[in-house]
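The values are calculated or read from the model by the stated rules, or taken from the named source; none is laboratory data. Source: prediction; values computed, not measured. We place every Cβ from the backbone using ideal geometry, glycine too, and count neighbours over all the protein chains shown. Side chains are part of the model used for accessible areas, which takes the heavy atoms of the whole protein and leaves out ligands, DNA and RNA. Shrake-Rupley method; radii C 1.70, N 1.55, O 1.52, S 1.80 Å.
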Amino acid sequence: MTTLSSKIARAWSHPIVVLAVVLLVTSGLALLTGMPIQRVTQIAIYTLYGAGVNFLIGYLGLVPFGASFFFGSASYAVAILGGMVSGGNEIVAVMIATVFSLALALVVGAVILRRRGLYFSLLTLACSQIAFEIAFKWTSVTGGENGLQNVVRPLFPSANAFHGFALVVVVGVMWILWRIAHAPLGRVMQALRDNEQRVASLGYDTYRTKLVAVIVAGGAIGVAGGMMSLLLQGVYANNLNWQHAGDPVLMAALGGVHQFLGPLWGATIFIVLEDRLSAVTENWWLFFAPIIIAFALLSHEGVQGIFQRIVGRDRWTLTRWGIPDRPASIPPYRPAAAADQGDPSRPILTVCDLSKSFGSIVTQSGISLEVGRTGLHSLIGPNGAGKTTFFNLLTGVLRPDAGSIAFDGRPIVHLAPHQRARLGMARSFQILSVFPNLTAFENVRVAVQAADRRWYGLWRDAHADEAANLRVWSLLDAVGLADRAAEICSALSHGEKRLLEIAVSLATRARLLLLDEPLAGLAESDRKIVGDLIVRLAKSHAVFLIEHDIDRVLAMSDRITVLHQGRLIADGKPGDVAGHPEVVSAYLGSAHGAAPAAPAALPRTADPAQPAARHAEYRPLLELAGVRAGYGGGTVLDGLDLVVGAGEVVALLGRNGVGKTTALRTITGVLPSTAGSVRFDGTDITRLRPDAINRLGISLVPEGRRLFPNLSVMENLKLAARPGGASLAEIYDLFPRVAQRLKSRAEHLSGGERQMVAIARALMVPSRLILLDEPFEGLAPAVVQEVRAAVAKLTTRASLVIVEHHAESVLAMADRAYVLVNGRVAYGGGAADLAADQALQERLLGIVQTTDAPARTRSAGR
């Protein structure tokens, strides 16, 4: 009985059922109140019009300001061509509108999709205006300003009969759109909306995907246009005018662009208000515009977004909620042997004399190397050596200035990224590259779909493939994310996102895996899991790895290549490369293998009762009491208590996903807390805006640096500068390398340089508390030493809270440490005490001290 009732409840909550019920109830109310039934018919038609537009906005991220081009053109097609067909009727008219719109969308889409973003929107608007001029002035064919009348409706001549026909057509086409949204094409569209570069790296042709989507949307909009000409029994040029071009976009936005039924609510509000207000005044837009502004301010997800927030289900409804059921037993992940291995003596990748420069900056200079068909080949070098740029050249993101690249003997320099991926080349990215608005399950499933070469399925439910689903579960379980499969990716911690990206890369069944810092930001336990996976993969695949965890690189690799300033300075067995003088000087640094020492000028005490012995009196600067916070209704911080004293350095440690970054986001006001209090220097800042909190003296150096990529280093610094902050001279003294890159755009900086600029930007603000989130992540050993020395100097300016997954990197610098477990403090005390207690570290952080590097320990990070 329970199962039956749940099925009935699900059926009644199905968007198509809701759509049909709303339209039928509205029709009944119209008949009872004497409202013209044509008005409800118009609402239904405009719902389909808005849904066709929202198919591009919500699912693909394209905004067609000129969708009226398809709507109006289909209306004229029905009026002109319908009269030429013997025995024409409403059904024939709908067929004409559909075929004509599909063909028109194919031709126009093939041209305008060559441009993106605003240019795409403007091109659609230009098409609409051109069509309007033709319709308005080609009087002999279109009737000019008088339009065309007497469009026949032989099957449904009465208003009520045609209304019933219109409802059937609208509901039917909306059902088709719903089916396509759940088909492979619809799922890929949503991934493309979130991250086009990642979709291409999986092997999808993003241009063709967008073209198919435009054709589908154009067809739906065309059906709506044909139905409108039948409703009016005529067609007029006004529907093509630029003044009405934005109507469907407005309807979608009013209802909610990320809600499947958003166009229904938007069309209803738009038509009812237009009808009522225009009856009162011809300047009805003066009253309509404030209503639109109010909706925009109240909810960026429109009317349905407001309702969902009230009922506590604040989520997108473009597709049904949930993921396929978890199997009772998840089979272990086993890397499939790469297909068609070919001659084992022939390399899978050959690079000859590859060169690339950006202006005067040379990132590759005559690089030549080979990668074998199996084995682990690592690429190391200082930050800024050109490693990620090299991967971008291999995968087609960038084109080389000179040289050649061959994959399995085939030249690939001329191939697009998706074509290289289809040959068997997959990659992960240095900067996290996932699909933030999809679930963890869907992130991996899209990659599995690419591996199965199902690019453009339009009908079959993508989640109905049991074999693919089982493989997704195996991959998620292999990286420890099976329990988080249903979580939206944006709600995952940084470490979990890194694990997810690794699962996405493994899903592709590629012959060559390019992994760009896959261990960055991972806890030690997760590093071991991923490291073991990589070693297993290397037995049957070619793995080309960029990684700064030099101890693991030396232990795992079969071969190592070293880049420095765009040149190849060493290539060979790990033991030979590790002892190469130029490698030691350029990359490892003189302190490699030694435990990081605390700066002599900054003494630390192991007495937790006196957390900052260098201060005459301990005074709390930041106090968190019973703080609870989370994402999407979930709880991450569960009664967090934390204190930071004036001039104190506090380490915030824990495994991935325990709430460290969430704590920093809550302190800075980016994530509002649901309970508890946050006080800064005696002032309650719990409910203050992030900008107000920053002006009180709290600055954040975020994980991933988050510089403004299109601005220069100087512009990034000037944007943050305020009176009382560090001067440029002080910044240059702290980071001499920043002074050398002032005119460089942030997107062209190395990882180490970005981290230096991110810290410098925080110092441009007069800060008393600086929060550093993973300041040493993704940095070469020598650069870590440089940044660590700079961070140590910051203690003379402000208190510090440092989140870091390498415990030894921060415990030697800290006065006290907190370890979080499940959003609560599991340890709070002296940093030296924690550093000395290996058993406690292993229990709370998952650290196992290695025998090959006894002075080095690992810790969790996120």
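Of all the residues that make up region 411-434, how many are charged (D, E, K, R) and part of a strand (DSSP E or B)? Step through it out loud before you land on a result.
As a first pass, look at region 411-434 and keep what is charged (D, E, K, R): 420, 422, 427.
Among the residues that remain, those that are also part of a strand (DSSP E or B) are: 427.
Going through region 411-434 one residue at a time, the tally reaches 1.
Looking at Val151, is it hydrophobic (A, V, I, L, M, F, W, C), open to solvent by less than 50 Å² (accessible area, probe 1.4 Å), under 28 Å from Ile37 (Cα atoms) and assigned to a helix (DSSP H, G or I)? Talk me through it step by step, then tell me what you get.
On the way: hydrophobic (A, V, I, L, M, F, W, C): yes; open to solvent by less than 50 Å² (accessible area, probe 1.4 Å): yes; under 28 Å from Ile37 (Cα atoms): yes; assigned to a helix (DSSP H, G or I): no.
In short, no.
Among the listed residues Arg114, Arg39, identify the single one that is out of contact with any Asp or Glu (no Cβ under 8 Å at 6 or more places or on another chain) and of a type in the set (Lys, Arg).
Details: Arg39 fails: out of contact with any Asp or Glu (no Cβ under 8 Å at 6 or more places or on another chain).
Selected residue: Arg114, the only one of Arg114, Arg39 that is out of contact with any Asp or Glu (no Cβ under 8 Å at 6 or more places or on another chain) and of a type in the set (Lys, Arg).
Would you check if Gly302 is on the phi > 0 side of the Ramachandran plot, in contact with a strand residue (DSSP E or B) (Cβ under 9 Å, 6 or more places away or on another chain) and not acidic (Asp, Glu)? Break it down stepwise before answering.
Details: on the phi > 0 side of the Ramachandran plot: yes; in contact with a strand residue (DSSP E or B) (Cβ under 9 Å, 6 or more places away or on another chain): yes; not acidic (Asp, Glu): yes.
So Gly302 fits the description; yes.
Only one of Val825, Val821 is surrounded by fewer than 24 Cβ atoms within 10 Å (Cβ to Cβ), within 29 Å of the chain's Cα centre (by Cα), at pLDDT 85 or above and over 28 Å from Ile431 (Cβ atoms); which?
Val821
For (1) of a type outside the set (A, V, I, L, M); (2) assigned to a strand (DSSP E or B); (3) at pLDDT 85 or above, each residue gets a yes or a no:
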site: Ile569; (1), (2), (3): no, yes, yes
site: Val584; (1), (2), (3): no, no, no
site: Ala597; (1), (2), (3): no, no, no
site: Arg604; (1), (2), (3): yes, no, no
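Considering only residues that are modelled with pLDDT of 85 or more and under 17 Å from Gly226 (Cβ atoms), which ones fall in region 129-147?
Once the filter is applied, which keeps residues that are modelled with pLDDT of 85 or more and under 17 Å from Gly226 (Cβ atoms), region 129-147 yields Ala131, Ala135.
Which numbered condition in (1) of a type in the set (Phe, Trp, Tyr); (2) open to solvent by 70 Å² or more (accessible area, probe 1.4 Å); (3) touching a residue at least 24 places away in the same chain (Cβ under 8 Å) is the only one that Tyr333 fails?
Tallying (1) of a type in the set (Phe, Trp, Tyr); (2) open to solvent by 70 Å² or more (accessible area, probe 1.4 Å); (3) touching a residue at least 24 places away in the same chain (Cβ under 8 Å), Tyr333 fails exactly one: (2).
Go through (1) more than 17 Å from Gln42 (Cβ to Cβ); (2) of a type outside the set (D, E, K, R); (3) open to solvent by 10 Å² or more (accessible area, probe 1.4 Å); (4) within 28 Å of the chain's Cα centre (by Cα) for Leu250 and report which single condition fails.
(1)
List, please: which pairs have Cβ atoms under 9 Å, are six or more places apart or on different chains, and start with a residue in region 380-406 that is assigned to a loop (DSSP other than H, G, I, E, B) and end with one that is aromatic (Phe, Trp, Tyr)?
Gly381/Tyr587; Pro382/Tyr587; Ala385/Tyr587; Val397/Phe391
Mind telling me which of the residues Arg665, Arg705, Arg689 ends up being closer than 20 Å to Asn822 by Cβ and out of contact with any Pro (no Cβ under 8 Å at 6 or more places or on another chain)?
Arg665
What are the residue pairs meeting all of these: first residue in region 273-296, first residue within 16 Å of Asp247 (Cβ to Cβ), second residue in a loop (DSSP other than H, G, I, E, B), Cβ atoms under 7 Å, and 6 or more apart or on different chains?
Glu274/Trp284; Leu277/Trp284; Ser278/Trp284
Which of the following residues is of a type outside the set (Ser, Thr, Tyr), open to solvent by less than 40 Å² (accessible area, probe 1.4 Å), within 43 Å of the chain's Cα centre (by Cα) and closer than 30 Å to Leu423 by Cβ: Ala166, Ala224, Ala213?
Working: Ala166 fails: closer than 30 Å to Leu423 by Cβ; Ala224 fails: closer than 30 Å to Leu423 by Cβ.
That would be Ala213, the only listed residue that is of a type outside the set (Ser, Thr, Tyr), open to solvent by less than 40 Å² (accessible area, probe 1.4 Å), within 43 Å of the chain's Cα centre (by Cα) and closer than 30 Å to Leu423 by Cβ.
If only one of Ser744, Ser727 is at pLDDT 85 or above and surrounded by 15 or more Cβ atoms within 10 Å (Cβ to Cβ), which one is it?
Working: Ser727 fails: surrounded by 15 or more Cβ atoms within 10 Å (Cβ to Cβ).
None of the other options fit; the residue is Ser744.
Kindly evaluate Val173 against the criterion of being among the β-branched types (Val, Ile, Thr), part of a helix (DSSP H, G or I) and either open to solvent by 10 Å² or more (accessible area, probe 1.4 Å) or in contact (Cβ under 8 Å) with a residue 12 or more places away in the chain (or both).
Values: among the β-branched types (Val, Ile, Thr): yes; part of a helix (DSSP H, G or I): yes; either open to solvent by 10 Å² or more (accessible area, probe 1.4 Å) or in contact (Cβ under 8 Å) with a residue 12 or more places away in the chain (or both): yes.
Taking the combined requirement at face value, the residue satisfies it.
If I ask for residues that are at pLDDT 90 or above and open to solvent by 20 Å² or more (accessible area, probe 1.4 Å), which ones from region 109-121 would you list?
Scanning region 109-121 gives Ala110, Val111.
Out of Asn437, Asn469, which single residue is surrounded by fewer than 24 Cβ atoms within 10 Å (Cβ to Cβ) and part of a helix (DSSP H, G or I)?
Working: Asn437 fails: part of a helix (DSSP H, G or I).
It is Asn469.
Would you mind stating whether Arg320 is modelled with pLDDT of 80 or more, part of a loop (DSSP other than H, G, I, E, B), touching a His at 6+ places or on another chain (Cβ under 8 Å) and open to solvent by 70 Å² or more (accessible area, probe 1.4 Å)? Step through it out loud before you land on a result.
Details: modelled with pLDDT of 80 or more: yes; part of a loop (DSSP other than H, G, I, E, B): yes; touching a His at 6+ places or on another chain (Cβ under 8 Å): yes; open to solvent by 70 Å² or more (accessible area, probe 1.4 Å): yes.
Yes; evaluated as a whole, the condition is true for this residue.
Kindly check whether there is at least one residue in region 96-113 that is touching a helix residue (DSSP H, G or I) at 6+ places or on another chain (Cβ under 9 Å) and over 21 Å from Asn54 (Cα atoms).
There is at least one residue in region 96-113 that is touching a helix residue (DSSP H, G or I) at 6+ places or on another chain (Cβ under 9 Å) and over 21 Å from Asn54 (Cα atoms).
Take the residues in region 560-583 that are acidic (Asp, Glu) and in contact (Cβ under 8 Å) with a residue 12 or more places away in the chain, then tell me which one is surrounded by the fewest Cβ atoms within 10 Å (Cβ to Cβ). Steps first, answer last, please.
Taking region 560-583 as the starting set, the residues that turn out to be acidic (Asp, Glu) are 571, 576, 582.
Imposing the further condition that a residue be in contact (Cβ under 8 Å) with a residue 12 or more places away in the chain reduces the set to 571, 582.
On the way: Asp571: 18, Glu582: 12.
Going through the qualifying residues, I end up with Glu582.
Out of all the residues in region 230-247, is one or more under 27 Å from the mean Cα position of the chain (by Cα) and in contact (Cβ under 8 Å) with a residue 24 or more places away in the chain?
Narrowing region 230-247 to residues under 27 Å from the mean Cα position of the chain (by Cα): none.
For region 230-247, residues under 27 Å from the mean Cα position of the chain (by Cα) and in contact (Cβ under 8 Å) with a residue 24 or more places away in the chain: absent.
Restricting attention to region 543-559, does a residue exist that is open to solvent by less than 30 Å² (accessible area, probe 1.4 Å), in a helix (DSSP H, G or I) and modelled with pLDDT of 85 or more?
Yes, there is a match, as at least one residue in region 543-559 is open to solvent by less than 30 Å² (accessible area, probe 1.4 Å), in a helix (DSSP H, G or I) and modelled with pLDDT of 85 or more.
May I ask you to say which residue of Val99, Val63 is open to solvent by 30 Å² or more (accessible area, probe 1.4 Å) and under 26 Å from Thr268 (Cα atoms)?
It is Val63.
Here are some residues: Ala126, Ala135, Ala183. Which one is open to solvent by less than 10 Å² (accessible area, probe 1.4 Å) and within 33 Å of the chain's Cα centre (by Cα)? Break it down into steps so the answer makes sense when it comes.
Working: Ala126 fails: open to solvent by less than 10 Å² (accessible area, probe 1.4 Å); Ala135 fails: within 33 Å of the chain's Cα centre (by Cα).
Testing whether each residue is open to solvent by less than 10 Å² (accessible area, probe 1.4 Å) and within 33 Å of the chain's Cα centre (by Cα) leaves just Ala183.
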